[in-house]
Amino acid sequence: MQNQISAPKQRLSLSDPKVRAWLFQIITVVAVVAMGWYLFDNTQTNLQHRGITSGFGFLENSAGFGIAQHLIPFTESDTYARVFLIGLLNTLLVTFIGVILATLLGFIVGVARLSNNWIINKLATVYVEVFRNIPPLLQILFWYFAVFLTLPGPRAAHGFLGSFFVSSRGLNMPAAIATDAAWPFVISVVLAIVAIVFMTRWANKRFEATGVPFHKFWAGLALFLVIPALCALIFGAPVHWEVPELKGFNFVGGWVLIPELLALTLALTVYTAAFIAEIVRSGIKSVSHGQTEAARSLGLRPGPTLRKVIIPQALRVIIPPLTSQYLNLAKNSSLAAGIGYPEMVSLFAGTVLNQTGQAIEVIAITMSVYLAISISISLLMNWYNKRIALIER
Amino acid sequence: MKMLKSTLAVVAAAAALGLTGFAQAGAKLDAIQKKGFIQCGVSDGLPGFSVPDASGKIQGIDADFCRAVAAAVFGDATKVKFSQLNAKERFTALQSGEIDILSRNTTWTSSRDASMGLVFPGFVTYYDGVGFLANSKLGVKSAKELDGATICIQAGTTTELNVSDYFRANNLKYTPITFDTSDESAKSLESGRCDVLTSDKSQLYAQRSKLASPKDYVVLPETISKEPLGPVVARGDEDFSTIVRWVGYALLNAEEAGVTSKNVEAEAKSTKNPDVARLLGADGDYGPQLKLKKDWVVQIVKQVGNYGEMFEKNLGAGTPLEIARGQNALWNAGGIQYAPPVR
């Protein structure tokens, strides 16, 4: 009985790895919180001491300056909060258009680099090597100062069809002004889209059941054109066109794409597409040639082979690096400050910061916005990546 | 446990640091004297105010003002280091302590004076106002004819606000295109991106002189705002802001008393005028009261010149800018430059 070893007591001891692990976790949390609190408190104290007004109250004040491009109505007496919103929308606009165009161009160039046609192949190679290796800011400045600003002034603008005008003030085009028939038209477009969705489902089901293919694309296009066209015939034209006219200094009426937007979008598209092209090429290359041979031996023609066999497998390799290219594009849009496009950094972290002097608040808001935009893109792309990932059976 | 203790120590130290750190009066002046030079924020290139010359030395009335402060504080006008800043960077640079003085054609307004942790000592280097520079091909004679015009403006300036005020008050429409630097604005005016460029009038003359064919551009007659341009310092050291203010007044008083860089040493030795004797430190303790040497004004005027000399050298008839004194003449010569007396 004496020799019986008593069960070890459950005591907290530093020799217990579990206890140590917890202790380090706690220390880390305390250190991080303390550091954050210290930075916050120190900043507050210093701001107060130097007599710098802090807080977000300034967002309610009237801005008092004009903005070249605003997607929502804006007058000089609107608040800084609205200026923020306009900057955000302008950033999102460039990012959205840029991502779509860069993806299209990138895919085309990426496939072209694998082409058997010598000229197409070499052209794509030159494109990638040139645009990938020039810093994006230089490309933006090039498109802006060397291309768009060298166009003639508005009084000597190049006109097309009497309603499109290209000048150093940008691209002026007719504006669509909604008429009474606009709502029925919108409803008819929605109807057409619903019809296309149902048609696609039916065609897919029939294909799986019987193997008989259906011309989904042409049928869809027909639905999309015929239903709204019928609607327009019944209710009348959904829009009337307001053609820009040269009046005084500039064109009045119609829509205008300002050269800052054109230069920025074009530069970012061309730059990012060069990277996307390489990603697409590597994705396609990663699918082994055996897949192509297998598809061909099953009697698939080159087109369907690419669309139904190669691309779906290549996408698994393409999507993750593609996400980071989209993030780069969103972040590079802040380079617009160099050419005066009114996006977040130029408008909010530039003009608003300077007019109000609220450096910390403005920069904090701006950083959070880019973080939010980037995380949204990441989440969206991760979701898509999961959807197309190879499901192993 | 040792680790936890040290963490706690860090937290305690952090709290202590966060709660202390109140600067005393004179702290900035002490710091400047200790490091031995003045860090002066100037523009990113504005002829007449602050622009690098062929040898890289910053020339202009704003740069010379900083040299005058250095002459007063150190007795040596060369003890200045310059930081070239654009309009957007300037206030943050001063708030963060990166520069000691901002002498960068900056308009004195109540909000800048009160809410940004900055203070305008009160000396106005140049009384200015916003105007318009237009291509003469447009045939515009007055700013009132600018309805629908596209206007190039430098981002983050009071000009942005004043233009908006003017067009709203006169019920005119305009499209603003804002750039970070004045060079970009000028390039855009030349390329025809904008119909007019707007800025402080002094800058318009300066920018016009930099264009490829200055003759094709006219400055419209209207002046649409008051833009008193002067140096700015950070809050928290009244001794230093007082020095900056009185360096400005010393420049004006020297001109008023007829003391120039050529005669200042002779005057300091032999003047019979009690006013000049006080100004130049031959009589009284006015320098030491400001925490400067007795001969502070002698050093300023000898090394940099009086206000009139500074103006003529950088902006006046002998320069490409050819700006007349106008409002910037002394109060007894038809202008509004007026300095309180040294006594």
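Annotations for the structure displayed:
- Segment A:25-141 - Debye-derived log10 I(q)/I(0), Cα point model, q = 0.14, 0.19, 0.21 Å⁻¹: -0.88, -1.03, -1.11
- Note on B:K137: aspartates and glutamates with a C-alpha under 18 Å away, same-chain residues under 8 apart excluded, are B:E145, B:D147, B:E190, B:D195, B:D216.
- Relative contact order (%) - chain B, alpha-carbon pairs under 8 angstrom, separation at least six: 21
- Span-rule helices in chain A, defined as complete DSSP H runs reaching 15 Å or more along the axis (Cα) with Kyte mean at least 1.6: A:80-113, A:216-235
- Measuring against 20 Å, Cα to Cα, the residue pairs B:K173/B:K201; B:K262/B:K313; B:K57/B:K226 contain B:K173/B:K201; B:K57/B:K226 as the ones spanning a longer distance.
- Near B:F37, once Lys and Arg are set to +1 and Asp and Glu to -1 for all other residues with Cβ below 10 Å from its Cβ, the sum equals +1.
- Pairs of Lys residues in chain A that lie 8 or more places apart, or on two chains, and have C-alpha atoms under 27 angstrom apart add up to 12.
- Environment charge at A:A277 (Cβ cut-off 10 Å; Lys +1, Arg +1, Asp -1, Glu -1): +2
- Dividing the convex hull volume of the alpha carbon atoms of segment A:301-393 by its residue count gives 111 Å³ per residue.
- Linear extension gain, A:E60 paired with A:V239, 0.36 nm per residue minus alpha-carbon span: 60.7 nm
- Packing, as the average of other Cβ atoms within 10 Å across residues, places the peptides A:133-142, B:250-259 in the order B:250-259, A:133-142, highest first.
- Counted by neighbouring Cβ atoms within 10 Å, the residues B:F91, B:F82 run from fewest to most as B:F82, B:F91.
- With a Förster radius of 41 Å applied to the beta-carbon distance between A:R387 and A:I187, the computed FRET efficiency rounds to 0.85.
- B:L85 long-range amide H proximity, modeled H, under 5 Å: B:V42, B:S43, B:D44
- By the count of neighbouring beta-carbon atoms within 10 Å, fewest first, A:Y38, B:Y174 end up ordered A:Y38, B:Y174.
- Hull-based mean projected area of segment B:45-204, where the convex hull spans the alpha carbons, in square nanometres: 10.6
- By the Cβ distance rule of under 4.7 Å, the protein assembly as shown has these cysteines without a partner: A:C231.
- Computed from the C-beta positions of B:S142 and B:F37, the FRET efficiency with R₀ = 51 Å rounds to 0.60.
- Stokes-Einstein D for chain B, Kirkwood Rh over Cα pairs, 4 °C, 1.567 mPa s (µm²/s): 60
- The alpha carbon convex hull volume per residue for segment A:27-88 rounds to 119 Å³.
- Least to most buried among B:V140, A:V32 (fewest other Cβ within 10 Å first): A:V32, B:V140
- Antiparallel content of DSSP bridges confined to segment B:43-199, in %, to 5: 45
- Charge context of B:V73, other residues only, Cβ under 14 angstrom, K/R +1, D/E -1: +4
- Computed Rg/Rh of the protein assembly as shown, alpha carbon atoms with Kirkwood Rh: 1.08
- Alpha carbon centroid spacing (whole Å) that separates segment A:184-256 from segment B:126-172: 45
- Against the compact-protein benchmark of 2.2 N^0.38 Å, the Cα-based radius of gyration of chain A scales to 1.35.
- Contact order relative to length of segment A:38-107, as percent, for alpha carbon pairs under 8 angstrom and 6 or more apart: 22
- Extension gain, B:A114-B:K215: 0.36 nm per intervening residue step, less the Cα-Cα distance, totals 32.2 nm.
- Taking amide hydrogens as placed 1.01 Å from N in the peptide plane, the amide H of A:S167 sits under 5 Å from those of A:N172, each at least 5 positions away in sequence or on another chain.
- The calculated 222 nm mean residue ellipticity attributable to helices in the protein assembly as shown amounts to -16000 deg cm²/dmol, summing -39500 (n - 2.57) over DSSP H runs of n ≥ 4 and dividing by all residues.
- DSSP-defined beta bridges in the protein assembly as shown - what % are antiparallel, rounded to 5: 70
None of the figures in this text is laboratory data; all of them are computed from the coordinates on show. As the structure is a computational prediction, the values presented were derived from the model and not from experiment. All Cβ positions, even for glycine, are placed from backbone atoms using ideal geometry, and neighbour counts span all protein chains on display.
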